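For reference, the structure discussed in these notes is given below.
FYI, it's all coordinate maths here, none of it is from the lab. Source: prediction; values computed, not measured. Here the Cβ positions follow ideal geometry from the backbone for every residue, glycine too, while neighbour counts run over all protein chains shown.
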DNA sequence: TAAACTACTCAAGTTACTTGATTATCAAGC
DNA sequence: GCTTGATAATCAAGTAACTTGAGTAGTTTA
């Protein structure tokens with residue numbers, strides 16, 4: 001796997017190109033959210049990414065851990081940190097007293113919205129660079145690749 | 001940035017799709033090389049990636065560090081590990097006695113070749129999934145994105 | 001209602017970095 | 001020809017983001 005700084009000169013392999021593009025754009029999402037006043041880290045996306053507008057308002061910690069592909073312990077620590085910063089809240093689950101329900105605070109919702117905007121403007125930039133059909137074609141090809149995996 | 005296990009259900013954003021595709025395929029390069037008997041780690045690509053067939057036979061450690069976007073100390077440790085495994089050799093640079101010249105051993109060259117084959121068969125698989133022009137189009141779009149960054 | 005399983009948390013260990021400091025060597029200026 | 005400042009590598013200590021192992025509280029099952 002190529003690092004974020006392999007300055008590819010020769011025709012790099014497709015996988016390295018994917019990595020470079022991801023790294024480039026991924027950092028800019030974080031930058032965008034940080035720029036709007038939220039001291040987030042890249043890894044918070046493991047949580048924020050599971051609270052898209054469409055998703056359930058509360059999730060269990062273990063469910064979040066599974067969804068992010070990490071251990072419950074690692075997720076617990078991540079949730080500690082985000083709770084400390086005021087982005088989310090842990091409440092006991094009345095239906096199962098072992099469990100805690102995680103929900104976004106108002107601040108968390110603001111950060112989530114800032115993330116959505118950062119992504120939105122990067123998507124617009126991609127469309128400016130590739131054209132609308134270029135972007136659509138890119139997404140179509142990536143979907144095909146991901147469906148295979 | 002999405003983790004390698006965010007199981008995207010809804011139409012994910014393009015950046016997340018790039019990340020998932022990269023993670024999926026990147027792991028398979030490592031798997032391929034490991035499968036041919038080399039106990040490598042993903043991070044070794046920071047070095048191997050700078051010894052493509054076309055590149056100079058020896059490089060300085062600091063040059064490798066810069067090329068990989070990491071500190072000389074981190075590169076030093078990585079080189080220790082790869083030297084220990086027999087993939088590379090450090091010789092004093094006769095033209096500058098502060099410096100050491102890094103070169104691949106025979107074993108290192110074998111691993112490099114195994115990497116090239118793993119990448120080659122993944123490229124072929126991509127072409128099977130997307131068609132030859134799909135793959136070419138993907139690469140063209142990625143090049144455009146990277147030229148912008 | 002005991003046995004097995006699950007949710008979370010505490011603790012310790014690992015990996016892959018970082019920054020800071022030290023030594024050896026080189027390159028310039030005077 | 002020597003000091004002064006940069007550079008190559010390395011030693012050491014610290015940090016971020018995980019991991020596995022162990023323990024407690026609560027739930028489900030036979």
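Points worth noting:
- For the protein assembly as shown, the direction-averaged projected area of the alpha-carbon convex hull comes to 17.8 nm².
- Contact order normalised by residue count of region A:47-125, Cα under 8 Å, 6+ apart, percent: 28 percent
- If R0 is 45 Å, the Cβ-Cβ spacing of residue B:74 and residue A:96 corresponds to a FRET efficiency of close to 0.50.
- Computed over region B:89-149: relative contact order in percent, which uses C-alpha pairs under 8 Å that are six or more apart: 16 percent
- The Cα trace of region A:106-149 gives Rg and Dmax of 13.8, 38 Å, the first to one decimal, the second as a whole number.
- A simple spin-label model places pseudo-atoms 7 Å from Cα toward Cβ; at residue B:113 and residue B:27 they are separated by 2.9 nm.
- For region B:39-97: rounded, prolate or oblate by the Cα gyration tensor [a/c cutoff 1.5]: rounded
- Computed over every Cα-Cα pair of region B:71-149 and binned at 5 Å starting from 0, the pair-distance distribution P(r) comes out as 3, 12, 12, 14, 12, 11, 13, 13, 5, 2, 0 percent.
- Rounded D (µm²/s) - chain B, Kirkwood Rh over Cα pairs, Stokes-Einstein at 25 °C, 0.890 mPa s: 141 µm²/s
- Across region B:11-29, the residues whose backbone nitrogen lies under 16 Å from the label position 7 Å along the beta-carbon direction of residue B:124 are B:29.
- All distinct Cα pairs of region A:9-69 go into the 1/r average, and the inverse of that average, the Kirkwood radius, is 13.8 Å.
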